[in-house]
1. Which is out of contact with any helix residue (DSSP H, G or I) (no Cβ under 9 Å at 6 or more places or on another chain), surrounded by fewer than 15 Cβ atoms within 10 Å (Cβ to Cβ) and not hydroxyl-bearing (Ser, Thr, Tyr), of Ala137, Ala116?
2. Does Pro8 satisfy being more than 22 Å from Leu128 (Cα to Cα) and modelled with pLDDT under 95?
3. What's the total number of residues in region 1-33 that are loosely packed, with under 10 Cβ neighbours inside 10 Å, part of a helix (DSSP H, G or I) and either charged (D, E, K, R) or touching a Phe, Trp or Tyr at 6+ places or on another chain (Cβ under 6 Å) (or both)?
4. So, in region 48-90, of the ones that are hydroxyl-bearing (Ser, Thr, Tyr) and modelled with pLDDT of 95 or more, which residue ends up farthest from Leu100 (Cα to Cα)?
5. Which pairs turn up if I take residues in region 62-77 that are of a type in the set (A, V, I, L, M, F, W, C) and part of a loop (DSSP other than H, G, I, E, B) and look for partners that are modelled with pLDDT under 95 and exposed (fewer than 12 other Cβ atoms within 10 Å of the Cβ) with beta carbon separation below 7 Å, at least 6 apart in sequence or on another chain?
6. Specify the residue that is surrounded by the most Cβ atoms within 10 Å (Cβ to Cβ); the eligible residues are those in region 34-46 that are in contact (Cβ under 8 Å) with a residue 12 or more places away in the chain and more than 17 Å from the chain's Cα centre (by Cα).
7. May I ask you to list the residues in region 85-111 that are over 16 Å from the mean Cα position of the chain (by Cα) and exposed (fewer than 12 other Cβ atoms within 10 Å of the Cβ)?
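The values are calculated or read from the model by the stated rules, or taken from the named source; none is laboratory data. What you see is a predicted model, and the numbers here were worked out from it, not measured in a lab. Cβ placement follows ideal geometry from the backbone for every residue including glycine, while neighbour counts extend to all protein chains displayed.
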Amino acid sequence: MDERVAKPLPPQTPDWLPFYEAAARGVLSLPRCQQCGSFRFPPRPVCPNCLGKDFAWQPVSGRGEIWSYVVMHQVYHPAFADEVPYAVVLVRLHEGPKMLSRLIDVAPRAVQIGAAVEATFLPAGNGLYLPFFRLAAGPAT
């Protein structure tokens, strides 16, 4: 009998569908306001910058910098018990929005604010792919 616990998945609503479809292709895509041109994340029906309601999904670079982070030492969900400690990062994407995700392939003690990162996509279950971040070879800016 398999005793593993499934990891919780993020919301899968129609507003998020284009995000997940792009992620499955290895592309980070965000809604961009047709009125002011700003990108936004998470997806929402109104632009937080100008209150415009017209937007189009566009691919973005997937590159940015670590804006903030926390290292998880406590097991808050049993599905993550084998992964602690791990770093959860708030990434400021080059295009502007901030995105919360995991930093992979680096020891949590090596995480630094301002470090350049780039998105990579990993399966999360139920056919869903999610963006995670790795340290990038080049500068954050």
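1. Ala137
2. It is false that Pro8 is more than 22 Å from Leu128 (Cα to Cα) and modelled with pLDDT under 95.
3. Looking only at that region, the number is 0.
4. Ser61
5. Val75/Ala81
6. Ser38
7. Those that are over 16 Å from the mean Cα position of the chain (by Cα) and exposed (fewer than 12 other Cβ atoms within 10 Å of the Cβ): Pro85, Ala107, Arg109, Ala110.
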